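Notes to accompany the following structure.
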Amino acid sequence: MLVLGIESSCDETGAALVRDGRFVVANALASQAEVHARYGGVVPEVAARQQLAAILPVVEMALEQSGVGWDAIDAVAATFGPGLAGPLLVGLTAAKTIAFARQIPFIGVNHLEAHIYANWLQDDGAQAHAPRFPLLCLLVSGAHSELIAIRDHGDYRLLGQTRDDAAGEAFDKVARLLGLSYPGGPSIQQAAAEWPADRTLPITLPRAWMRGTHDFSFSGVKTAVAQLVRHEQENGEDLDVPAVAAAFQESVVDVLATKTVAAARMEHAAEVVLAGGVAANLALRARLARDLKRLHVPFRYPRIAWCTDNAAMIAGAAYFHLQRGERADLTLDVAPDLALPLASAD
Ligand code: KG4
Ligand code: ZN
């Protein structure tokens with residue numbers, strides 16, 4: 001089954017063709033990051049206008065990349081939430097229009113679930129086995145930080161979540177404090193890499209362990225950086241940006257990895273998967289790979305282009321719903337506050 005997926009929940013416009021929920025045949029993306037960098041964050045109204053300008057060229061680009069024609073597409077899917085209402089509406093309307101015009105099945109996809117399903121994706125022709133249940137997923141994006149136990153397709157149990165800022169949000173806010181560009185995650189990773197790996201860091205930033213829970217909190221470390229910046233400014237000193245970036249990244253990665261390993265152990269996870277934009281972070285990937293190897297638990301993460309927002313993950317997640325006979329009708333509306341569909345407590 002060849003699915004056309006469309007993503008437009010925030011500041012990326014994506015269209016992709018994925019076969020059987022796994023094989024990425026084409027993946028086109030237009031990013032607005034440069035436009036929003038001027039404002040230091042996403043401006044919703046600007047994002048919606050940019051989505052509108054990009055959607056048709058991006059869909060055409062995906063078809064061109066794939067080398068197949070419209071007739072080869074079996075179904076169409078689009079993100080319907082969570083995200084920004086205006087941007088979501090653009091991709092959802094495009095998908096519904098295509099479904100109507102081509103008379104093919106249509107389905108709406110939950111963006112958070114799609115991030116998880118990025119772990120099923122592989123290049124067309126590759127042969128890696130699919131993730132094995134029961135899975136533990138650390139989902140870390142610009143708006144979410146969650147530990148999720150997954151017993152089977154669609155069977156999600158929320159173990160813990162952030163009490164304040166999401167991990168990606170903390171990266172973005174700290175980057176702004178340090179005068180680094182938006183989006184903050186890649187900028188902080190780059191600045192942190194300038195600190196020599198074999199040199200001890202001159203500062204240690206706090207970690208909120210939220211003991212006895214699988215929850216997170218990142219507002220404390222953000223405040224600690226803000227105080228550091230203020231202190232240096234008041235004393236007319238130059239801030240050592242690579243040192244602060246490295247200390248911040250180390251604090252966040254330490255908490256995320258330690259709590260993920262503890263949850264994997266408690267849940268007897270067959271595999272651990274990373275998902276969401278922060279899953280692109282190289283320090284987080286390396287730390288979890290090391291710790292989970294010691295625990296003998298297989299660990300995987302999507303390639304970087306499939307961690308941050310993209311449409312391949314939308315087409316991938318859609319397949320598992322379509323295969324079960326699920327369809328949406330063309331009255332489906334956007335759901336900006338959509339959450340992951342959780343299994344009722346046992
Ligand atoms: O999943 P995503 O693309 O959009 C949402 O659904 O939120 O995640 C975006 C977030 C941003 O906060 C961005 O700073 C962060 O992911 N991010 C990273 C890295 N690349 C993107 N955070 C840390 N390290 C990275 N390399
Ligand atoms: Zn996302």
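Which numbered condition trips up D71, out of (1) more than 16 Å from ligand 1 (Cβ to nearest atom); (2) open to solvent by 20 Å² or more (accessible area, probe 1.4 Å); (3) assigned to a strand (DSSP E or B)?
Here D71 clears every test but (3).
Quick one: how many residues across segment 129-163 are open to solvent by 60 Å² or more (accessible area, probe 1.4 Å) and of a type in the set (D, E)?
Residues that pass the stated criteria total 1.
May I ask you to list pairs of residues, at least six apart or on different chains, whose Cβ atoms are under 8 Å apart, with the first in segment 297-324 being closer than 16 Å to S141 by Cβ and within 12 Å of ligand 1 (Cβ to nearest atom) and the second being among the basic types (K, R) and open to solvent by 10 Å² or more (accessible area, probe 1.4 Å)?
From segment 297-324, the pairs are Y301/R285.
Assess whether R303 counts as being among the basic types (K, R), open to solvent by 60 Å² or more (accessible area, probe 1.4 Å) and within 16 Å of ligand 2 (Cβ to nearest atom).
Considered against the rule, which asks whether it is among the basic types (K, R), open to solvent by 60 Å² or more (accessible area, probe 1.4 Å) and within 16 Å of ligand 2 (Cβ to nearest atom), R303 comes out as yes.
Of the residues in segment 243-296, how many are within 13 Å of ligand 1 (Cβ to nearest atom) and free of Cβ contacts under 8 Å to residues at least 12 places away in the same chain?
Going through segment 243-296 one residue at a time, the tally reaches 1.
Checking the structure you have, find out if any residue of segment 144-158 is farther than 30 Å from R327 by Cβ, in contact (Cβ under 8 Å) with a residue 24 or more places away in the chain, away from ligand 1 (no atom under 11 Å from the Cβ) and touching a Cys at 6+ places or on another chain (Cβ under 8 Å).
Among the residues of segment 144-158, at least one is farther than 30 Å from R327 by Cβ, in contact (Cβ under 8 Å) with a residue 24 or more places away in the chain, away from ligand 1 (no atom under 11 Å from the Cβ) and touching a Cys at 6+ places or on another chain (Cβ under 8 Å), which makes the answer yes.
Suppose the filter is under 13 Å from A77 (Cβ atoms), modelled with pLDDT of 95 or more and not acidic (D, E); does L322 pass it?
yes
For R38, only one of the following conditions fails: (1) buried (at least 23 other Cβ atoms within 10 Å of the Cβ); (2) over 24 Å from A335 (Cβ atoms). What is its number?
The one condition R38 does not meet is (1).
Read through the list (1) out of contact with any strand residue (DSSP E or B) (no Cβ under 7 Å at 6 or more places or on another chain); (2) on the phi > 0 side of the Ramachandran plot; (3) not basic (K, R), then give the number of the only condition that G276 fails.
(1)
Failed condition for L56, given (1) of a type outside the set (V, I, T); (2) out of contact with any strand residue (DSSP E or B) (no Cβ under 9 Å at 6 or more places or on another chain); (3) modelled with pLDDT of 95 or more; (4) more than 15 Å from G5 (Cα to Cα), with all others met?
Answer for L56: the failing condition is (4).
Do any helices (runs of 4 or more DSSP H) lying entirely in segment 277-326 carry at least 1 residues that are more than 13 Å from Y117 (Cβ to Cβ), and which ones are they?
282-294, 304-307
Being over 20 Å from the mean Cα position of the chain (by Cα) and open to solvent by 10 Å² or more (accessible area, probe 1.4 Å) is the filter here, so list the residues in segment 1-34 that pass it.
Selection gives M1, R19, D20, V25.
Would you be able to tell me the number of residues in segment 88-143 that are within 30 Å of L288 (Cβ to Cβ), away from ligand 1 (no atom under 16 Å from the Cβ), out of contact with any Asp or Glu (no Cβ under 9 Å at 6 or more places or on another chain) and not polar (S, T, N, Q)?
8
Taking segment 91-110 on its own, how many of its residues are part of a helix (DSSP H, G or I) and open to solvent by less than 20 Å² (accessible area, probe 1.4 Å)?
Residues that pass the stated criteria total 5.
The values are calculated or read from the model by the stated rules, or taken from the named source; none is laboratory data. The structure displayed is predicted, hence computed values, not measured ones. When we count neighbours, we look across all protein chains shown, and the Cβ atoms used for this are built from the backbone with ideal geometry, even at glycine. Remember, those area values only see protein heavy atoms, side chains included, never the ligands or the DNA or RNA. Shrake-Rupley method; radii C 1.70, N 1.55, O 1.52, S 1.80 Å.
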